[in-house]
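The values are calculated or read from the model by the stated rules, or taken from the named source; none is laboratory data. Not measured: the values here are computed from a predicted model. When we count neighbours, we look across all protein chains shown, and the Cβ atoms used for this are built from the backbone with ideal geometry, even at glycine.
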Amino acid sequence: MDNDFKLLSNSYWDVLTKQSIDNLGITPEDGINILKAKDDDTFSIINAAYRVRTHFHGKKVRIHILQNAKSGECPEDCNFCAQSSKNSTSIETYPLLNVELLVEEAKKAKASGAWKYCMVTATRSPSNRDLDIICQATKRIKKEVNIKVCTSLGLLTFDKAKRLAEAGVDRFNHNLETSNQYFEKIVHTHTWDERWQTLTYVKEAGMEICSGGIIGMGESLDDILDLCFSLKSIGVASIPINFLNPRPNTPLEKQPTVDAFFGLRVLSLFRLVHPDKDIRAAGGREITFRTLQPLVLYIANSIFTNGYLTTDGQTSEMDIRMIKELGFYPEVN
């Protein structure tokens with residue numbers, strides 16, 4: 001994705017590195033410079049991000065495992081999602097798993113080297129019955145398994161958020177996905193503002209906010225910047241950055257995959273804007289970066305392993321080997 005944007009000096013990236021480490025912040029103009037940089041500048045940008053990453057996180061890597069706790073038949077119409085009932089995909093569908101299975105999968109995640117176990121349901125919002133099961137499972141996991149717990153259950157009320165927090169959920173994931181302006185082109189059954197409201201309830205209930213987005217849905221550079229700075233304003237703890245893996249029979253099935261060098265600059269942008277946060281290379285990592293995957297760890301301190309709900313990914317064994325061969329090491333609880 002080479003372009004005609006000016007090649008910037010190493011001293012410029014050094015200034016951004018220092019500003020990020022000192023928590024002085026970088027500007028949207030700096031963000032545009034990162035995103036529009038020439039491919040020849042990308043390794044200088046990665047080096048800047050790496051210096052920030054190691055300053056705040058050393059060489060630790062947090063491994064996260066997703067559990068598709070309730071699959072498919074979601075009433076929402078997200079254009080990117082294979083689990084939407086509006087899209088004629090051929091994924092496996094099933095109701096919410098029972099408590100025993102959810103706890104057992106948490107134990108398997110821990111044995112695979114996971115730092116965090118995330119239970120995800122395909123739904124607009126959790127029913128009271130589903131919330132009962134998730135809360136019961138969380139209480140047992142916190143008692144029986146030494147692992148962080150995250151849930152991703154759709155839109156919340158404050159009361160539902162409070163129940164999850166009281167059950168022991170550490171983080172709640174609800175991705176903003178893209179900018180406020182572009183969101184209505186991707187989702188029509190709920191609004192960006194409703195997602196934002198859920199994040200405020202999560203914060204008020206005392207859980208950490210996990211929220212990120214998807215790159216490659218046809219958004220502009222300004223949309224990426226808006227997402228990045230919106231997440232900073234609400235105070236996220238964890239940011240999963242997904243790269244669109246176009247799913248057959250969804251409205252975005254013909255979208256091209258994200259260019260690897262551009263993807264590395266996007267990750268670097270989020271690292272420099274959110275220097276001390278948990279930046280995660282999430283869905284689409286394998287198909288976007290291919291043989292360049294190891295470079296991701298010089299920017300992100302966190303990855304998903306063993307797949308992404310309805311798509312395959314690298315195994316935990318492969319990821320742990322990659323982590324160790326690079327001189328990093330998995331973080332443990």
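Annotation: GLN67 fulfils all but one of (1) under 25 Å from ASP319 (Cα atoms); (2) modelled with pLDDT of 95 or more; the unmet one is (2). The selection criterion, being in a helix (DSSP H, G or I) and either more than 22 Å from the chain's Cα centre (by Cα) or farther than 30 Å from PRO251 by Cα (or both), does not hold for ASP193. The set of residues from segment 200-244 being over 16 Å from ASP278 (Cα atoms), among the charged types (D, E, K, R) and touching a residue at least 40 places away in the same chain (Cβ under 8 Å) comprises GLU204, GLU219, ASP222, ASP223, ASP226.
Within segment 6-65, if we keep just the residues that are of a type in the set (S, T, N, Q) and part of a loop (DSSP other than H, G, I, E, B), the residue that is surrounded by the most Cβ atoms within 10 Å (Cβ to Cβ) turns out to be THR27.
Selection of first residues in segment 289-307 that are surrounded by fewer than 24 Cβ atoms within 10 Å (Cβ to Cβ) and of second residues that are aromatic (Phe, Trp, Tyr) and outside any helix (DSSP H, G or I), restricted to Cβ pairs under 6 Å at least 6 apart or on distinct chains, gives the following pairs, ordered by first then second residue: LEU297/PHE328. Elements of the type strands (runs of 3 or more DSSP E) sitting completely within segment 232-333 and holding at least 2 residues that are modelled with pLDDT of 95 or more and more than 23 Å from SER220 (Cα to Cα): these cover 302-305.
Taking first residues from segment 165-192 that are small (Gly, Ala, Ser) and partners that are crowded, with 18+ Cβ neighbours inside 10 Å and modelled with pLDDT of 95 or more, the Cβ contacts under 6 Å between residues at least 6 apart in sequence or on separate chains come to ALA165/ALA205; ALA165/MET207; ALA167/CYS135; ALA167/THR138; GLY168/THR138; SER179/ASP223; SER179/ASP226; SER179/LEU227. Within segment 300-321, can one find any residue that is among the acidic types (Asp, Glu) and within 20 Å of HIS57 (Cβ to Cβ)? Yes; the residues of segment 300-321 include at least one that is among the acidic types (Asp, Glu) and within 20 Å of HIS57 (Cβ to Cβ).
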